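No value in this document is a laboratory result; all are computed from the given coordinates. All of these numbers come straight from a predicted model, not from anything done at the bench. When we count neighbours, we look across all protein chains shown, and the Cβ atoms used for this are built from the backbone with ideal geometry, even at glycine.
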Amino acid sequence: MASRPLNDDEVLSEMNKMVAFIKQEALEKAREIKVKADEEFAIEKAKLVKQEQQAIDAQYEKKRKGAEVAQKIAQSTLTNKSRLKLLQQREEHLQDLFSTARESIDALAKDEGRYVQFLEGVILQGFLALLEPDVTVHARPKDADQVQRAIDGATRQYNEISGRTVKAAVKSSLSDDIAGGVQLVSGNERITLDNTLDERLRLLEDRMLPEIRTDLFGPNANRKFYT
């Protein structure tokens with residue numbers, strides 16, 4: 001049986017079906033594109049948010065570390081200032097102590113009886129250290145008479161102790177600005193013994209300084225060994 005051509009209504013019906021099919025396909029394709037676009041947008045958004053968060057975190061971490069460094073520097077500066085101030089106060093305390101000692105030796109030089117006894121002792125020590133027949137005793141000009149008296153007593157004691165004799169001459173060559181005491185020079189002038197009050201105090205300060213520091217301020221935790 002031969003097919004007949006479609007009439008106008010049938011043609012219109014077929015066209016409507018084709019239009020509906022194309023429209024449906026277009027709608028489905030549009031939905032797919034929208035879904036894919038939404039997914040890509042969400043992914044890109046998440047990526048951008050993550051990058052921004054990382055940038056914020058990095059900036060915060062940088063600021064935090066900078067604040068920590070600044071705090072450590074400030075704390076170290078404050079600690080150093082406190083330590084320097086403490087050291088300065090300790091040094092001032094030691095200098096006050098040594099100043100008191102210097103005042104004591106000045107007082108000794110003004111007490112004639114004690115001063116002559118001191119001079120006799122240090123001169124005798126010098127004689128026994130030098131063991132020379134001739135010795136020059138250097139003194140302050142204002143101490144010349146007292147030194148001569150001390151030499152007389154020291155000479156006798158030296159002879160009693162060593163069985164030797166010594167000839168000592170006084171030379172007023174030391175400055176009156178020093179606290180007192182004498183210097184002994186051997187006959188050949190090769191050996192000099194400094195027994196001035198100033199030198200003895202200086203040696204005592206150097207020798208006793210570590211012990212004095214420990215007694216006054218306690219042991220230093222930063223030092224493992226003490227002298």
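Some points to look at:
- Computed over the alpha carbons of the chain, Rg followed by Dmax gives 51.9, 171 Å.
- Positive end of the dipole of the chain (Cβ unit charges, origin at the Cα centre): among 144, 79, 179, the Cα lying farthest that way belongs to 79.
- Treating each Cα of the range 71-180 as an identical point scatterer and summing with the Debye formula, the log10 of I(q)/I(0) at q = 0.13, 0.19, 0.20, 0.23 Å⁻¹ comes to -0.61, -0.96, -1.01, -1.17.
- Nearest 10 degrees, 0 to 90: helix 8-110 Cα axis against the chain principal axis: 10 degrees
- Surrounding net charge for residue 39, when Lys and Arg each add one and Asp and Glu each subtract one, Cβ distance under 14 Å: +1
- Partners for residue 36 among lysines (Cα-Cα distance below 26 Å; same-chain residues under 8 apart left out): 23, 45, 47, 50
- Taking 23 Å as the straight-line reach from the Cα of residue 29, the lysines in range (excluding those fewer than 8 positions away in the same chain) are 17.
- For residue 182, the amide hydrogen comes within under 5 Å of the amide hydrogens of 195, 196, 197, counting only partners 5 or more places away or on other chains and with H modelled in the peptide plane.
- Note on the range 104-205: antiparallel DSSP beta bridges, both residues inside, total approximately 65 percent of the bridges counted.
- Anisotropy class of the range 2-82 from Cα gyration tensor, a/c 1.5 cut: prolate
- Candidate cross-link partners of residue 171 among the aspartates and glutamates, defined by an alpha-carbon separation under 19 Å and a same-chain spacing of 8 or more, comprise 120, 132, 134, 143, 145, 152, 189, 194, 198, 199.
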